[in-house]
1. Are any residues in the stretch 30-59 among the hydrophobic types (A, V, I, L, M, F, W, C), surrounded by 10 or more Cβ atoms within 10 Å (Cβ to Cβ) and assigned to a helix (DSSP H, G or I), and if so, which ones?
2. Please count how many residues of the stretch 14-29 are surrounded by 12 or more Cβ atoms within 10 Å (Cβ to Cβ) and free of Cβ contacts under 8 Å to residues at least 12 places away in the same chain.
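Only the coordinates and a few stated rules stand behind these numbers; no lab work does. What you are looking at is a predicted structure, and each value in this text was computed from that prediction instead of being measured. For neighbour counting, all protein chains shown are included, and Cβ atoms are generated from backbone atoms with ideal geometry for every residue, glycine included.
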Amino acid sequence: MKKMKIPKSRRFRVAVSSLAINFLMFILGIYKGVDLSDLGIGLAALNSPVYVYIFGETNRPSEK
């Protein structure tokens, strides 16, 4: 089987890490029995800067 190459893009790493944190937070929220709509609203508010960063890096990448 061929080994997959993972991109070294900073946008990709930020997106995957925030997605992993979101999954962990939802699993923890389900385990603790919190209201999932409140948890979703909170995570959406916390993820907004991540979305803006990815959008900004897509349109005008920062220099290395």
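1. Residues of the stretch 30-59 that are among the hydrophobic types (A, V, I, L, M, F, W, C), as a first pass: 30, 34, 36, 39, 41, 43-46, 50, 52, 54-55.
Restricting the remaining residues to those that are surrounded by 10 or more Cβ atoms within 10 Å (Cβ to Cβ) gives 30, 34, 36, 39, 41, 43-44, 46, 50, 52, 54-55.
Result: Ile30, Leu36, Leu39, Ile41, Leu43, Ala44, Leu46, Val50, Val52, Ile54, Phe55.
2. Total meeting the criteria: 4.
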